[in-house]
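Everything on this sheet refers to the single structure shown next.
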Amino acid sequence: MTQPESKTPIHESSVPFFWPLAAGVEMGELGLDLFQRNMKFVDLAGKVAHPPDPKWATPNTIRLDLDTMRLRDFSADDAKGIPVLIDAPFAGHSSTIADFSEGQSLARTLLDNGIGRLLVTDWKSATPEMRNFDIDKYLAEINVVVDDLGGRVNLVGLCQGGWMSAMYACRFPDKVESLVLAGSPIDTDAGDGPIRDMAHHLPLSFYKTLIKRGHGRMPGRYMLAGWKNMHPDKHYLGKYLDLYAQMDDLDYIKRTKTFESWYENPLDLPGVYYIQAIDLLFKQNLFAKGEFIALGQKLSLKQITCPTYLLAGENDDITTREQVFAARDLIGTPEEKITEKLVPGGHIGLFMGSHTLAEEWPVIANWLKENGGA
């Protein structure tokens, strides 16, 4: 095949306004096809890097609108039983991880497997007015939610929502029928994950500096940069190489846009809450040691005596299996009422991975019905 004839551009390529025109003249027909493909990639990459806010995939209503959260209700109109409350992570990303997309939704999976009364904590990004909110504030508003739901719930804690749920179960054991901890760091000294290393090796002054830069808040963009730097090849290069290779695959593009709308729109956290979590939980590990004080009372994990399900990811480098399964020996639940399950995959896959949703969460739904009256 002969190469297209090279032509002299009619305008200087260095003039930005005329650059596409000049480039098209120089490239000829074959080169223009590649140029158009590359411009399509630039457009897609821009949408991936700056996506719209994430959406909830399953119909729901807002039952309560509190300072820290909106309580989203997915329940059927005639639903009965003790409600299941999904305590979504409040760790820098939207709570839509619990209802990620059609066909990839934890909320939908639980509904389809017989959970009639289902609610999710939709945590709000911290405004300047929220900068002094502490862990007690979040526990107190969970308590408002539980009382509004009748005073007794089955708690399903995801990641950070897990240690928050475990704290609540310690503080108000009579209000928790059963407890599911999925990818939840209970003993933060266990295992040897990168989060544990960062928490111990970086001085507290480092985190306080970030919060000072955020005017009393931990900006989500700082935390997102930290996550990406754990896997820089994937987030800064591999993602765009994959996008370029598959940009004609409409299904891939749709999935990518949905994920990036969740991933690239981080939440800001209150500075006081964040420093408490880093210092008291990850540096000092006070919760696992029975020395953490919540709502005026020292918490002991032995106060948890309800049926408990522990779910961990085999390749989870955010919350290692050791941090999750350590709960078995710390809580007061009888051994025969504790279920442990290690599943393939990493951290996020525990909540929205196709395999885990199809194979593991239906089992957990049945467990909630049998052990929690859901």
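FYI, it's all coordinate maths here, none of it is from the lab. If you're wondering where the values come from, they're calculated on a predicted model, not measured in any experiment. So basically every Cβ, Gly included, is an ideal-geometry build from the backbone, and we count neighbours across all protein chains shown.
The string of couplings for the range 357-374 from the Karplus curve (6.51, -1.76, 1.60, θ = phi - 60°) is 5, 7, 9, 9, 5, x, 5, 5, 4, 5, 4, 5, 5, 6, 9, x, x, 6 Hz, one whole number per residue in order, with x for Gly and Pro. Computed from phi, the 3J(HN,Hα) profile of the range 325-339 under the Karplus parametrisation 6.51, -1.76, 1.60 (θ = phi - 60°) reads 6, 4, 4, 3, 8, 9, 7, x, 5, x, 4, 6, 9, 10, 10 Hz, with x in place of Gly and Pro. When each of the peptides 117-125, 103-111 is scored by the mean number of other C-beta atoms lying within 10 Å of its residues, the order from highest to lowest reads 117-125, 103-111.
Remark on M218: its backbone amide H falls under 5 Å from those of L269, G271, a criterion applied only to residues 5 or more positions apart or on other chains, H modelled at 1.01 Å from N.
Whole-Hz Karplus values for the range 286-300 come out as 5, 5, 5, 7, x, 10, 7, 9, 10, 6, x, 9, 5, 8, 10 Hz, taken residue by residue from phi with 6.51 cos²θ - 1.76 cosθ + 1.60 and θ = phi - 60°; glycine and proline positions read x. Residues whose amide H lies under 5 Å from that of M69, counting only those 5 or more places away or on a different chain, are K124; hydrogens are built 1.01 Å from N in the peptide plane. The simple spin-label model puts a point 7 Å past each Cα toward its Cβ; for E359 and A79 those points are separated by 2.8 nm.
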